[in-house]
Amino acid sequence: MSHKSSAEIRQEFFDFFKKKEHLHVPSAPVVPQNDPTLLFTNAGMNQFKPIFMGEQPGYKEDGEIWQRAVDTQRCIRVSGKHNDLEEVGHDTYHHTLFEMLGNWSFGDYFKREAIRWAWELLVDEWGLEPDRLYATVFKGDESDGTPVDQESIELWKEETSINPDHILKFDKTDNFWEMGSTGPCGPCSEVHVDIRPDEERQKLDGAELVNMDDPRVMEIWNLVFIQFNRQADGSLEKLPAQHVDTGMGFERICAVLQDKKSNYDTDLFEPLLSKIGELADVTYGQDEETDIAMRVIADHIRAVSFSIADGASPGNDGRGYVVRRILRRAIRYGWDKLDLKEPFFHKLVPTLAKQFEEVFPVLIQQEDYVENVVRSEEKSFLNTLGQGIELFNEMIEGKDEISGEDAFKLHDTYGFPIDLTQLMARERGVDVDEEGFNKRMQEQKERARAAGQFDVDQSGNADWITVTETDEFQFFGYDSISVQSRIKALRKDEEKNAIILDKTPFYAKSGGQVADTGIISNGDEHLRVLDVQKSADGYIHFVDQLPEDPSGEWEAMVDGERRKEIRKHHSATHLAHAALKEVLGDHVQQKGSLVDENHLRFDFSHFEQITPKQLNRIEEIVNDRIQQNITKKEDRNVPIDEAKERGATMLFGEKYGDRVRVITFDSDYSMELCGGTHVDATGEIGYFRFLGESSAAAGIRRIEAKVGKSVDQYLRSEQELVQDIQSELGQSQDLVRDIHQLIEERKELEKEVERLQHQQSASKLNELLNNASELDSGIKLVSGVVPNADMDLLKQLGYESREKSKDGTITVLGAKDMDEGKVYVMAAITDDLIQEKGIQAGALVGELGQMLGGGGGGQPNLATAGGRKPEKLNEMFDQLPSIITKHLE
């Protein structure tokens, strides 16, 4: 068996199956498209689910249907039943992101070919020793009525030279694959390899270690035979077409073929480990604790980088929060285990991008963007990480469990994901009250939910009263703002009056656009529509009152003026999206939006603040398109594949149906899939004006703007503000000059206040120097509270004290900020005490800082600390002499 590079191994896998008439298909993103059931792509079969579900006959490529495919799929497993996070780094063969090599048959070949070709590749092509290979098969399950997979057993004997004693039977936990609680499923046959030395293999048969989590006897390939469909009642029925789904762990097979004991020793991880070692000034393989940290970081940068490149930036919920958890976990390992206290994680992105340039170009194409997003997230977390660790250490002192309330505080205040707290707790032999934490998280969610105006009860428990027996529901809002309707059902639930119509012109809140408001009337009664939300039975209209008599026909009429302004803002959002891509780059992707009658808000992927020059250019482009009065082109019921071919903009993670609605304002400028309402021509928008630009999350920027009537009102208010300022400045002829002069005058006054404060503090220092006490050790102690001082002033006074003091002097000064609930302390030590007595300022303030509910450090001659318990300052000074004596000893 010759040693091969990982690139060679991957290509040889592709070439082998291409010779077997398989189409080489690209990896899907790790962020699933059009599949809301998954946070991340966690298996190679995810992109082929429509084929297995019978929704399409095979893989489509240039209009041709293929029944065989080969690929490598990047997968992430960090949640649900597929969660390897805790093992990552601590063992040598689990990963958050990994590659899954696969060959696929969509109703074509089945077990015989899959088994024969697996053996041919592993043994004949790659030279694995047959005696080291084991095949597992399904032993059947009486509860399902499924027999032992005897067919696979016989095929392993017929099609390969495997030792019959190496064919092992296991239950459905290991050898029956299911997509979910229902759907396609079937038995599988796994290939395991024993990489132990010969002397160990002679002492203990490898069959005893298969499926026993021994890293030296591990699964490398799973051959899944999809032949059943699991029904809702749990029963199985045979599928009309049988499929093959195989998955080979690429990192594992590389370790085997490169004769390595660990996946991390292969060339897949060597570049990253070398870069980490360079940044941390350590060598991999010298210390197990350091090695674990390096493995975790090397693994996590892969998952984080590809997630961001594929559209999942760090955030506060969903897959964004998973990415943030992984990233922060890596940063904490760097901080605690490798002493990396400055941003370092982002520096690994170029190494990774270069390594995968040929197979996964998506990363190198977005290298700058990914690196900047990671850097931004690092800086944010590092601002609180040190304080959080100090608080964590306080929380566990003398305890065997961290309370749910404390775990929630670490999460809510310092950004510690619960699994990070649990990891740190395990390292210190402490438990975490996860149930208590979850309870507080739920309470927080309920508080947030209570802040919303309306919630649709999807539980099916609401008391709906049927008015008209009909399944009909139609939305006419794209073409009309008024329609004759009948009330299908109504209810009164927790003071919310709700009705469902059989026909409606009211737009229901979705896609970032707010709901329409208006009136539902029958001549005698008028129901004011406050909000509209979607449900399975139609649109739920929340109204100010229920009708006395709901029967008969009702006119549903949208507030036309409000709808008109909403349309303007929504169309302006499309124009702005296109302009952002033109000015900032194609990496710009929509991450969220809000459109109402008064303004628009648009969130998008971008790694840095937009400059004023760029904002002006974007605004100029949008207003130019408005002036061109471009006619809207609206295509409804367009096949999704056709929309893709046209180049219509789609949102990552959004689930689209087979047919979509396409809104175009000049096909070379803006073409998007959208369900919202829009102007007929851009000239209706009037004028576009930015309100501001800000950060919405790591790697996510936010713009806000106004158009139509609201921008007119905004410009008028700006003009009135300028007039008011002019009036206050005495009808100034040069506002900028006069305001600048006022700012300079204020700066001078602030400097004068600062000078007086320092003068007052210097006087206080002289007083403390004159009243210095002498400790039993003969050391002179200068100590006391300095009024109105901050940390910078204390440090300055510390340097002055060292200059004025004679040898053998320790100065400890404190200051309080009761309004902010903060306290500061500074220690300065003369050089002779450092050299002769070994006492250091950094160690001294570290202990003082803990007493004050915080921490700190610094140089041997001068150091500072801060805390959150100003009420403890006097107590600290009382204990100061004994603390100094202890440090001298």
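A few points about this structure:
- Cα lying deepest toward the dipole's positive end in the chain, options 192, 240, 711, charges on Cβ: 711
- Counting neighbouring Cβ atoms within 10 Å and putting the fewest first, the residues 270, 129 line up as 129, 270.
- Annotation for region 494-575: GluC sites (Glu not before Pro) lying in DSSP loop with at most 11 further Cβ atoms inside 10 Å of their Cβ are 494, 495, 548.
- Simple point charges give the picture: +1 on the Cβ of Lys and Arg, -1 on the Cβ of Asp and Glu, and for region 563-716 a dipole about the Cα centre of about 400 debye.
- Antiparallel bridges, percent of DSSP beta bridges restricted to region 6-265 (to nearest 5): 90 percent
- Here the gap between residue 668 and residue 769, fully extended at 0.36 nm per residue and compared with their Cα-Cα distance, gives a gain of 28.7 nm.
- Toward the positive end of the charge dipole of the chain, with +1 on the Cβ of Lys and Arg and -1 on the Cβ of Asp and Glu, the farthest Cα among 93, 349, 58 is that of 349.
- Note on residue 659 and residue 885: the model spin-label points, each 7 Å out from Cα along the C-beta direction, lie 9.0 nm apart.
- When you filter the trypsin sites (Lys or Arg not before Pro) in region 322-357 for DSSP loop state and at most 15 other Cβ atoms inside 10 Å of their Cβ, you are left with 341.
- Close amide H partners of residue 539, meaning residues 5 or more places away or on another chain with modelled amide H under 5 Å apart, are 501.
- Highest mean packing first, where packing is the average number of other Cβ atoms within 10 Å per residue, the peptides 764-771, 43-50, 136-143, 249-256 line up as 249-256, 43-50, 136-143, 764-771.
- Over 29 Å apart at the Cα level, from the set 795/886; 60/261; 379/804, are 60/261; 379/804.
- In the frame of its principal axes, region 704-779 has Cα extents of 79, 32, 14 Å, reported largest first.
- When the alpha-carbon atoms of region 286-397 are used, the pair Rg, Dmax equals 14.5, 51 angstrom.
- In the chain, a dipole from Cβ-located charges (positive for Lys and Arg, negative for Asp and Glu) runs towards its positive end, and of 119, 254, 829 it is 829 whose Cα lies farthest in that direction.
- Structural size metrics of region 114-211, computed from C-alpha coordinates, are Rg and Dmax of 14.5, 46 Å.
- Environment charge at residue 140 (Cβ cut-off 11 Å; Lys +1, Arg +1, Asp -1, Glu -1): -2
- Radius 14 Å from Cβ of residue 596, net charge of other residues (Lys, Arg +1; Asp, Glu -1): +2
- Over 28 Å between alpha carbons, listed pairs 399/837; 591/822; 509/591; 509/613; 747/780; 341/439: 399/837; 591/822; 509/613; 747/780; 341/439
- Relative contact order %, the chain, counting alpha carbon pairs below 8 Å whose residues are six or more apart: 7 percent
- Helical mean residue ellipticity (222 nm; -39500 (n - 2.57) per DSSP H run of 4+; nearest 500) of the chain: -12500 deg cm²/dmol
- Working from Cα pairs under 8 Å separated by at least six residues, relative contact order for region 6-265 is 19 percent.
- Cβ crowding within 10 Å averaged over residues, with 418-427, 831-840 ranked highest first: 418-427, 831-840
- Prolate/oblate/rounded label for region 6-265 (Cα gyration tensor, a/c 1.5): rounded
- Length available on full extension from residue 722 to residue 200: 0.36 nm per residue minus the Cα-Cα distance, which gives 179.4 nm.
- Here Cα extents along the principal axes in Å was calculated from the structure, and among (i) 97, 93, 51; (ii) 104, 80, 52; (iii) 100, 78, 63 it sits at label (i).
- Longest to shortest principal axis, alpha-carbon extents of region 563-716, angstrom: 45, 34, 24
- Phi-based couplings in Hz for region 329-345 (Karplus 6.51, -1.76, 1.60; Gly and Pro marked x): 4, 5, 4, 5, 4, x, 5, 7, 9, 10, 6, 8, 8, 10, x, 9, 4
- Once the gyration tensor of the Cα atoms in region 90-133 is diagonalised, the equivalent ellipsoid follows with semi-axes of 24, 19, 8 Å, ordered largest first.
- Sequence of 51, 195 once ranked by neighbouring C-beta atoms within 10 Å, starting from the fewest: 195, 51
- Region 132-160 versus region 368-437: alpha-carbon centroid distance in Å: 47 Å
- Residue-span extension gain [residue 642 to residue 847] - 0.36 nm each, minus C-alpha spacing: 67.0 nm
- Overall Cα dimensions of region 751-888, principal axis frame, Å, largest first: 41, 30, 24
- Shape call, region 465-558: gyration tensor on alpha carbons, a/c limit 1.5: rounded
- Only Lys, Arg, Asp and Glu carry charge here, each on its Cβ (+1 for the first two, -1 for the last two); on that basis region 611-692 has a dipole of about 200 debye about its Cα centre.
- Couplings for region 129-138, taken from phi via the Karplus curve 6.51 cos²θ - 1.76 cosθ + 1.60 with θ = phi - 60°, read 6, x, 6, 8, 9, 10, 10, 9, 9, 6 Hz in order; Gly and Pro are left as x.
- Taking the fewest neighbouring Cβ atoms within 10 Å as the starting point, the ordered list for 514, 349, 370 is 514, 349, 370.
- Note on the chain: with charges restricted to the Cβ of Lys and Arg (+1) and Asp and Glu (-1), its dipole about the Cα centre is near 1380 debye.
- Charge tally around residue 503: other residues with Cβ under 11 Å, Lys/Arg +1 each, Asp/Glu -1 each, net -2.
Taken together, the values in this text are just the output of simple stated rules run on the coordinates, not laboratory data. Keep in mind that this is a model prediction, so the values were computed, not measured. As a convention, Cβ positions derive from the backbone with ideal geometry for all residues, glycine included, and neighbour counts pool all protein chains shown.
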